Amino acid sequence: MLSLETRRVLVLGGTHEGAELARRLAGTEFADIEAITSLAGRLELATLLPGRVRTGGFGGAAGLKRYLANQQIAFVIDATHPFATTISAHAAEACAGEGVALLRIDRPAWNIPPGTRWIAVDSMDDAAGALEGLGRRPFLTVGRRGLEAFARLEGVRFLVRLLAAPAEPLPLIDYEVVVARPPHSLGSERRLMEAHRIDVLVTKESGGEATASKIEAARARDIPVVAVRRPPMRNREAVAGVDAALAWLRERL
Ligand SMILES: NC(=O)c1ccc[n+]([C@@H]2O[C@H](COP(=O)([O-])OP(=O)(O)OC[C@H]3O[C@@H](n4cnc5c(N)ncnc54)[C@H](OP(=O)(O)O)[C@@H]3O)[C@@H](O)[C@H]2O)c1
């Protein structure tokens, strides 16, 4: 049971913003808030987060709605990745159904430096199509689950950056893996691209500061960037970052 003064906020995380929210909500300013961070449980490091952490899917929108009721959640902050569209849709449905206030954190898009050779596409398949003829040493920074689209590409050697070493061989003909977690400095991105003679970068248009340096590094090397556009998230109350999300919460306490 919650005391009358304490209110629970569920942070849907798995991102930098989610981790930052967990840290800030654990501070004394939010003594009347109990924050629960929710992680999908794939590659996130739950042990690094302060406060309560729960891991694993809820079982769809209906499962999340039940969770909100059982845990007496007063607010949900959806700080999930811009491409994590399923959980965000479930959050919208469950919060509407349960009458719980929902706020979405929408990361600001990257500022594309002038002179960047930017090729925007709508899907991972389109990104694979766009690669033909662009380069022979593509740097793939699209996550493990985006790789199938590139499975048939021959005559290229991919550099694939992942958060953890893959348990199984990747579905690519010729590749090398580098394991690293953001944030990445501009210097390390430049060194990595130089060491591997990268001649094209493939990315999701995720935005945010933690991964922006690869765009600047690509521009500095004058190599093209194939960027998969963000899926739209409509009809949500949204703010651009953690500070604004905490201000939203303060107004409601
Ligand atoms: N997609 C990316 O490029 C990307 C990049 C970096 C980090 N992440 C993070 O990784 C997680 C998974 O991303 P995704 O693209 O696979 O998500 P997704 O496609 O939107 O969600 C798939 C399913 O995973 C579960 N899930 C996702 N996020 C969850 C969370 N924070 N807490 C509890 N369950 C969650 C839900 O299962 P149920 O239906 O069973 O509830 C959801 O239906 C997200 O939390 C996201 O913030 C994603």
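Values in this text are rule-based calculations from the coordinates and carry no lab data. Just so it is clear, the structure is predicted and the values come from calculations on it, not from any experiment. Note: ideal-geometry Cβ built from the backbone for every residue, glycine included; neighbour counts use all protein chains shown.
If r is the Cβ-Cβ distance from Arg23 to Ala195 and R0 is 25 Å, what FRET efficiency results, to the nearest 0.05?
Numbers: r = 33 Å, r/R0 = 1.34.
Here the calculated transfer efficiency is 0.15.
What is the diffusion coefficient of the chain in µm²/s, taking the Kirkwood radius over Cα pairs and the Stokes-Einstein relation at 20 °C with a viscosity of 1.002 mPa s? Kindly include the intermediate steps, with their values, before the conclusion.
Details: Rh = 19.5 Å.
Result for D is 110 µm²/s.
Taking amide hydrogens as modeled 1.01 Å from N in the peptide plane, which residues meet the under 5 Å criterion relative to Ser38, leaving out close sequence neighbours?
Residues meeting the criterion, in which the H sits 1.01 Å from N, are Val11, Leu12, Gly13, Arg54.
Relative to the present Cα-Cα distance, how much length would full extension add between Ala165 and Trp118 at 0.36 nm per residue of separation? Don't jump to the answer; show the numbers that get you there.
Details: separation 47, 0.36 × 47 = 16.92 nm, distance 2.90 nm.
So the extension gain works out to 14.0 nm.
For region 163-173, what does the Karplus curve 6.51 cos²θ - 1.76 cosθ + 1.60, with θ = phi - 60°, yield as ³J(HN,Hα) per residue in whole Hz, taken in order and with x for Gly and Pro?
For region 163-173, the Karplus-derived couplings read 6, 8, 4, x, 6, 10, x, 7, x, 9, 6 Hz, x marking Gly and Pro.
Considering only DSSP beta bridges whose two residues both sit in the chain, what percent are antiparallel, to the nearest 5?
Details: 0 of 40 bridges.
Restricted to the chain, the bridges split so that about 0 percent are antiparallel.
Average projected area of the Cα convex hull of region 118-228, in nm²?
Numbers: hull surface 24.3 nm².
Orientation-averaged projected area of the Cα hull: 6.1 nm².
Considering the zone a paramagnetic label at Ser188 would reach in this model (a point 7 Å from Cα along the Cα-to-Cβ line), which residues of region 123-160 have amide N under 20 Å from it?
Zone members listed by number: 139-144, 159-160.
Once the piece of chain linking Val179 and Ala240 is laid out straight, how much longer is it, given 0.36 nm per residue of separation minus the C-alpha distance between them?
Working: separation 61, 0.36 × 61 = 21.96 nm, distance 2.86 nm.
Contour length minus Cα-Cα distance gives 19.1 nm.
Using 0.36 nm per residue, how much length does the chain from Glu209 to Asp32 gain when fully extended, once their Cα-Cα distance is taken away? The partial results should precede the final answer.
Working: separation 177, 0.36 × 177 = 63.72 nm, distance 3.02 nm.
Extending this stretch completely gives an extra 60.7 nm.
What number comes out for the charge environment of Gly208, summing +1 per Lys or Arg and -1 per Asp or Glu over other residues with Cβ under 13 Å away?
Working: positive: Arg107, Lys204, Lys214, Arg230; negative: Glu17, Glu20, Asp106, Glu205, Glu209.
Combined, the nearby Lys, Arg, Asp and Glu give -1.
Could you list log10 I(q)/I(0) for region 1-118 at q = 0.11, 0.16 Å⁻¹, which the Debye formula gives when each Cα is one point scatterer?
Results for region 1-118 at q = 0.11, 0.16 Å⁻¹ read -0.38, -0.74.
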